[in-house]
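Asks: The following block contains the structure, expressed as structure tokens.
The values are calculated or read from the model by the stated rules, or taken from the named source; none is laboratory data. What you see is a predicted model, and the numbers here were worked out from it, not measured in a lab. Cβ coordinates were reconstructed from backbone atoms using ideal geometry, including for glycine residues, and neighbour counts include every protein chain displayed.
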Amino acid sequence: MSSTITGNFRRTISVVLVLCLLISLIPFSSVANAETATVYHETFANGTGIAAQSGGATLTQVTGKAFEGNSDGAALYVSNRANNWDAADFSFSALKLENGKTYTVTVKGYVDTEAEVPAGAQAFLQTVSSYSWLAGADLTAGGAFTLTGTYTVDTAKDDRIRVQSNDTGAAVPFYIGDILITGDKTSGTVIDKEVYHETFSAGKGAAIQSGGATLTQVTGKAFEGNNDGAALYVSNRANNWDAADFSFSALKLENGKTYTVTVKGYVDSDVTVPDGAQAFLQTIGSYSWLAGANFTAGAAFTLKGTYTVDTDKDEKLRIQSNDTGATVPFYIGDILITEQVIDDGNNPPRPPAVPFAPITFEDGTSGGFAGRAGTETLTVTDEENHTTGGALSLKVEGRTSTWHGPSLHVEKYIDQGSEYKITAWVKLIEPASSQLQLSTQVGNGSGASYVSLAAKTISSSDGWVKYEGTYRYNNVADEYLTIYVESSNNATAAFYIDDISFTGTGSGPIEIQDLTPIKDVYQDDFLIGNVVSVEDMQGVRLELLKKHFNAATAGNAMKPDALQRTKGVFTFTDADKLIDKTLAEGLKMHGHTLVWHQQSPAWMNTTEDAGGNTIPLGREEALDNLKTHIKTVVEHFGNKVISWDVVNEAINDNPQTPSDWKASLRQAPWYQAIGADYVEQAFLAAREVLDEHPDWDIRLYYNDYNLDNQNKSKAVYNMVHEINTNYQKNHPGKLLIDGVGMQGHYMVNTNPANVKSSLESFISLGVEVSITELDIQTGSNYQLSEKLAEAQGYLYAQLFKIFREHAANIGRVTIWGLDDGTSWRASTNPLIFDKDLQAKPAYYGVIDPDKYMAEHLPTTPQDARKGTAKYATPVIDGTVDPVWSSASEIPVNQFQMAWQGATGIAKALWDDENLYILVQVSDSQLDKSSANTYEQDSVEVFVDENNGKTSFYQEDDGQYRVNFDNETSFNPAGIAAGFVSATKVSGTNYTVEMKIPFKSISPEEDRVIGFDVQVNDAKDGARQSAAIWNDITGNGYQDTSVYGVLTLVGKNSQAAIIGDLNGDGSIDALDNALMKQVLLGLVTDLPVQDDLYAADLDGDGQITALDLSLIKQYLLGLITKFPKNP
């Protein structure tokens, strides 16, 4: 060895020895900080996990496929491959990978022995969209492979990881048995995370009675640790176990986790407390003692203990006493349960809800209310008041759109997952009658959801009306939560609000049930979809969505007004966020919608003339707007969607000549600006984009509602057939319209045979069919009886049986909402899960139609709505006479069409010659521009005098139509003789009175006639909505079997007018004298049939001096109506 080599060797040894010494001095903790942690691990034992299909690949979860690195045999089978990108994707968001962090990804895979594997075929692990290669491994028939690569996340370039192949292995199917992703263990601060907190301000919470104890929620019991004074009083105690229990499931405690439980309690000062009496905190059923504290009269106590949950031994916590304190009643003011977790700063715990103080406006402020649009006028005023002993309310004026109104942020009053009761008192100012509703908004922007909590049509004479509803805030949606008052169909109504309350119902967070996923049941048939908004992208709602559904449609985020409200300014942010999250959670996305007459900015197809009148835009400009919007939107979302609703709802309802589909088109702004070819032009524009991207597999749909109506379905059939036939002349073998979307907004009495007939008709066109917005209205006013729930389940079962029988031609069945509580038709309970996300009978009808129908007899809901007509004769002048006050209300609030517009309240009277009808209509605009009378804002009354319920008109049958301008039309024309009508317009609302002569019967007490009443709502020369009392089929113009029934009553005991105590038809000094005699006890039986109805003027249920004061005010002209709502 030369001296140079020897010297180098010695220097090397010296360096090594120094390095060893330095390493020995490195603190152990530094080495520990370098350890890795599992970020994601998927074995596919419970399904396909978060894997998302790439290209045309089919992803299937299998079992019994054990191989090296996959001993449990569960795996994801990636088949139907033709391209290298036919693969399995895993999004960064779903994997919880953070930008800038470095991860190691290990994939264990396998190829079947019988697979044909070309030489050089390899599995690849790479990123998308920069397509960076991370790892490769040879594909060998009958052999396992491992892919291992390290990657630093760069979300500016990539958004997912893909397990695929090279080009050579493009057709090779393979299995993925295990995916493990590791990264540096996250460090952070240990914090106490709140798991459960109960203050009892909104009820008893999750408390359950133990033994013979009585549990009562109380207020005004402030003590140390319980400043708000709300508490749970535990009384009627005789044993130590007479106590309050809290189940682990209700508390959301997880097996194996350790929690700290803190209880604040109190004993009244007048209670006798034996020496040695103590409060105990313990578990049930191992009865492990966690904490104790002395009971002292007039003193607070604290129980604090730590417990590691063991569900094999225990199921609940109990707050009780020892034997000595067995009879001592006590209060529980606060329960807090925390868990120690590592806080990395990204998800700070949400603060607990603060109590909501009722808003009465008595402090002279708006109480936090502000206009939704910012243009409304909100004024605290002494003009009206509802608060007992108060003087003020909030006046709401200056509304110019239906959604305008007073709004209040309620984020800080909400514990996520809890249910709340929201109450507001409202008094209408003008017009004389209007629909108003109490609603809540969850989230902001186009991805927000809007839920009606209580909706009523009221009149200005009704006084203060209570609006009340409940809502469970499962998602706090980026901390944007409001309650507000608006109108569904009146843009200018003014009103007062007062006495707003927002209180918990005591129902805390809920869990979804362990049920068979619907998507699994139909995995070989068609996709199962749902409609989504921001609210559905977190927590238990997301959990339910992912469990049962594999496709999604944005409720509002992709509609024209959400994406291009201002010409040339596209706003994709909210839609992108919603879609990316949906895809990351493993669902496919359907695009809804490109062209529609609703929720589209006016600039797209209208303009104003010199006089400020709205007129159609010129064809070329409108066509350019249409094409630009379609091209920009379709290109932006690209292959993130699997299909598009290109045109939505273009065909009129129940068209009279469906063979002429162009004549059946809705006279909407797009039609008026471009012409009947706007539908074809829209599809051509969308097809042009797809032709430029042949790698995108996207279907183009025409979508519409009420397609179980055979006239409408025929018109759609003819339209699609003609457009596709014309297209194929220059494009042999290709379709312009790929599919027809049958929305499926049904009623419980919808005939499934009609659905089947239309479905088969569309299939015969050679297009794909999807059921795109399925719901079934059942019940009313948020109530659903057991019988109706079963009937709803039966129809769902019938429909899904039909769908499965035609599965080869159905691409997707989308249910329009996760639960009844958030449905756009919440009051009629239309969905398969209730407002608490629990399965209804409808779920079981969907999951196994044959079994459900075998176990449930066909259920026919109530045959027809029933009403009464009172014996009296009004003056037909468009004014609501006092005589109408005795008539019962007939609500005109069921909708024959998907769009919900104008509604009305009808009343009926009769005498020996005529039937009299009053209808008060609440509308948002008045339009009679259509040449078709049924497409004008109008009221229709249907009469079947002999109640024959025939499928055709007899001589006694008739249809009477009066528009808001008192222009009449009749079916048949001969029934016009003797008919008299009058109307009165108030803003955009109107009142219609009719006198309809009886022609074939002699009216008498208890006579039953067939009857229905309908409100047509027009806009831009077309009928956009039809509200009805009974018939939702739309066939009343030719079929009397769909009518409700009206019973003639009151002739033998004429009904009282409020204030008319002697029944002479007027309110005068004689009635005032009678009221005095009643109060003095001199008269106990009034001449009218219903004493209380006539004399209880304030509606408090009794006859008092206040009623006497009211009749005096009436006679003096100080008031014109009584407070009681007739």
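Asks: So, in the range 141-174, of the ones that are β-branched (Val, Ile, Thr) and crowded, with 16+ Cβ neighbours inside 10 Å, which residue ends up nearest to VAL117 (Cα to Cα)?
Replies: Going through the qualifying residues, I end up with VAL172.
Asks: I'm trying to understand the selection: among the residues of the range 766-789, which are modelled with pLDDT of 95 or more and more than 15 Å from PHE895 (Cα to Cα)?
Replies: GLY766, VAL767, GLU768, VAL769, SER770, ILE771, THR772, GLU773, LEU774
Asks: Would you confirm, using the coordinates I've provided, whether GLN656 is assigned to a loop (DSSP other than H, G, I, E, B) and under 16 Å from SER446 (Cβ atoms)?
Replies: no
Asks: May I ask you to verify whether GLY109 is assigned to a loop (DSSP other than H, G, I, E, B) and assigned by TED's automatic domain parsing to the domain that holds ILE179?
Replies: Criteria not met by GLY109.
Asks: Checking the structure you have, find out if any residue of the range 209-232 is more than 25 Å from GLU419 (Cα to Cα), of a type outside the set (Phe, Trp, Tyr), touching a Phe, Trp or Tyr at 6+ places or on another chain (Cβ under 7 Å) and touching a residue at least 12 places away in the same chain (Cβ under 8 Å).
Replies: Yes; the residues of the range 209-232 include at least one that is more than 25 Å from GLU419 (Cα to Cα), of a type outside the set (Phe, Trp, Tyr), touching a Phe, Trp or Tyr at 6+ places or on another chain (Cβ under 7 Å) and touching a residue at least 12 places away in the same chain (Cβ under 8 Å).
Asks: Pick out, from the range 210-303, the strands (runs of 3 or more DSSP E) lying fully within it that include 3 or more residues that are within 21 Å of PRO355 (Cβ to Cβ).
Replies: By residue number, 214-218, 231-235, 258-266.
Asks: Return the residues of the range 835-864 that are without any contact (Cβ under 8 Å) to a residue 24 or more places away in the chain and within 29 Å of ALA454 (Cβ to Cβ); say none if nothing qualifies.
Replies: GLN862, ASP863
Asks: Only residues that are touching a helix residue (DSSP H, G or I) at 6+ places or on another chain (Cβ under 7 Å), without any contact (Cβ under 8 Å) to a residue 60 or more places away in the chain, assigned to a loop (DSSP other than H, G, I, E, B) and surrounded by 18 or more Cβ atoms within 10 Å (Cβ to Cβ): list them for the range 766-791, please.
Replies: VAL767, GLY779 - these are the residues of the range 766-791 that are touching a helix residue (DSSP H, G or I) at 6+ places or on another chain (Cβ under 7 Å), without any contact (Cβ under 8 Å) to a residue 60 or more places away in the chain, assigned to a loop (DSSP other than H, G, I, E, B) and surrounded by 18 or more Cβ atoms within 10 Å (Cβ to Cβ).
Asks: Between LYS995, LYS984, LYS949, which is of a type in the set (Lys, Arg) and assigned to a loop (DSSP other than H, G, I, E, B)?
Replies: LYS949
Asks: For the range 513-523, indicate whether the set of residues that are in contact with a Ser or Thr (Cβ under 8 Å, 6 or more places away or on another chain) and basic (Lys, Arg) is non-empty.
Replies: no
Asks: Within the group ASP561, ASP574, which residue is crowded, with 21+ Cβ neighbours inside 10 Å and out of contact with any strand residue (DSSP E or B) (no Cβ under 9 Å at 6 or more places or on another chain)?
Replies: Every option except ASP574 fails the conditions.
Asks: Scan the range 518-568 residue by residue and report those that are in a helix (DSSP H, G or I) and of a type in the set (Gly, Ala, Ser).
Replies: Matches in the range 518-568: GLY539, ALA562.
Asks: Of all the residues that make up the range 1001-1031, how many are of a type in the set (Ser, Thr, Tyr) and part of a strand (DSSP E or B)?
Replies: Number of matching residues: 1.
Asks: So ASP1098 clears everything in (1) touching a Pro at 6+ places or on another chain (Cβ under 7 Å); (2) on the phi > 0 side of the Ramachandran plot; (3) charged (D, E, K, R) except one condition, right? Which one?
Replies: That leaves (2) as the condition not met.
Asks: Go through (1) under 21 Å from ASP580 (Cβ atoms); (2) outside any strand (DSSP E or B); (3) β-branched (Val, Ile, Thr) for THR140 and report which single condition fails.
Replies: Checking THR140 against (1) under 21 Å from ASP580 (Cβ atoms); (2) outside any strand (DSSP E or B); (3) β-branched (Val, Ile, Thr), the one that fails is (1).
Asks: So, one more: Any chance you could count how many residues in the range 894-931 are surrounded by fewer than 20 Cβ atoms within 10 Å (Cβ to Cβ) and within 23 Å of the chain's Cα centre (by Cα)?
Replies: The total comes to 1.
Asks: Same structure again: When you scan the range 1007-1017, do you find a residue that is in contact with a strand residue (DSSP E or B) (Cβ under 8 Å, 6 or more places away or on another chain) and free of Cβ contacts under 8 Å to residues at least 60 places away in the same chain, even just one?
Replies: Yes: the range 1007-1017 contains one or more residues that are in contact with a strand residue (DSSP E or B) (Cβ under 8 Å, 6 or more places away or on another chain) and free of Cβ contacts under 8 Å to residues at least 60 places away in the same chain.
Asks: Sticking with this structure for a sec: Does the range 1037-1084 hold any residues that are in contact with a Gly (Cβ under 8 Å, 6 or more places away or on another chain), over 25 Å from LYS1121 (Cβ atoms) and part of a loop (DSSP other than H, G, I, E, B), and which are they?
Replies: Once the filter is applied, which keeps residues that are in contact with a Gly (Cβ under 8 Å, 6 or more places away or on another chain), over 25 Å from LYS1121 (Cβ atoms) and part of a loop (DSSP other than H, G, I, E, B), the range 1037-1084 yields only TYR1043.
Asks: Still on this structure: From the set of residues in the range 1066-1106 that are in contact (Cβ under 8 Å) with a residue 12 or more places away in the chain and closer than 20 Å to GLU384 by Cα, which is nearest to the chain's Cα centre (by Cα)?
Replies: Here the answer is GLY1099.
Asks: Suppose we keep only residues that are of a type in the set (A, V, I, L, M, F, W, C) and in a strand (DSSP E or B) within the range 304-323. Which one would you say is surrounded by the most Cβ atoms within 10 Å (Cβ to Cβ)?
Replies: Only one residue tops the list, namely LEU317.
Asks: If ASP184 satisfies every condition in (1) modelled with pLDDT of 90 or more; (2) more than 38 Å from the chain's Cα centre (by Cα); (3) over 30 Å from SER79 (Cβ atoms); (4) not small (Gly, Ala, Ser) but one, which is the exception?
Replies: Result: ASP184 passes all but (1).
Asks: Next question. Does GLY1034 qualify as being modelled with pLDDT under 90, assigned by TED's automatic domain parsing to the domain that holds GLY1099, at positive phi and not in a strand (DSSP E or B)?
Replies: No: the conditions fail for GLY1034.
Asks: Of the residues GLY1050, GLY1059, GLY1010, GLY1021, which is within 33 Å of the chain's Cα centre (by Cα), buried (at least 17 other Cβ atoms within 10 Å of the Cβ) and not aliphatic (A, V, I, L, M)?
Replies: The conditions single out GLY1021.
Asks: Assuming GLU635 fulfils every condition listed in (1) surrounded by fewer than 14 Cβ atoms within 10 Å (Cβ to Cβ); (2) at pLDDT 95 or above; (3) farther than 25 Å from ARG812 by Cβ; (4) not β-branched (Val, Ile, Thr) apart from one, which condition is it?
Replies: Of the numbered conditions (1) surrounded by fewer than 14 Cβ atoms within 10 Å (Cβ to Cβ); (2) at pLDDT 95 or above; (3) farther than 25 Å from ARG812 by Cβ; (4) not β-branched (Val, Ile, Thr), the odd one out for GLU635 is (3).
Listed here are the residues, each with its yes/no results for (1) over 24 Å from SER487 (Cα atoms); (2) aromatic (Phe, Trp, Tyr); (3) in the same structural domain as GLU430 (by TED's automatic domain parsing).
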residue	(1), (2), (3)
GLN959	yes, no, no
SER969	yes, no, no
ILE975	yes, no, no
PHE979	yes, yes, no
GLY987	no, no, no
LYS995	yes, no, no
GLU1005	yes, no, no
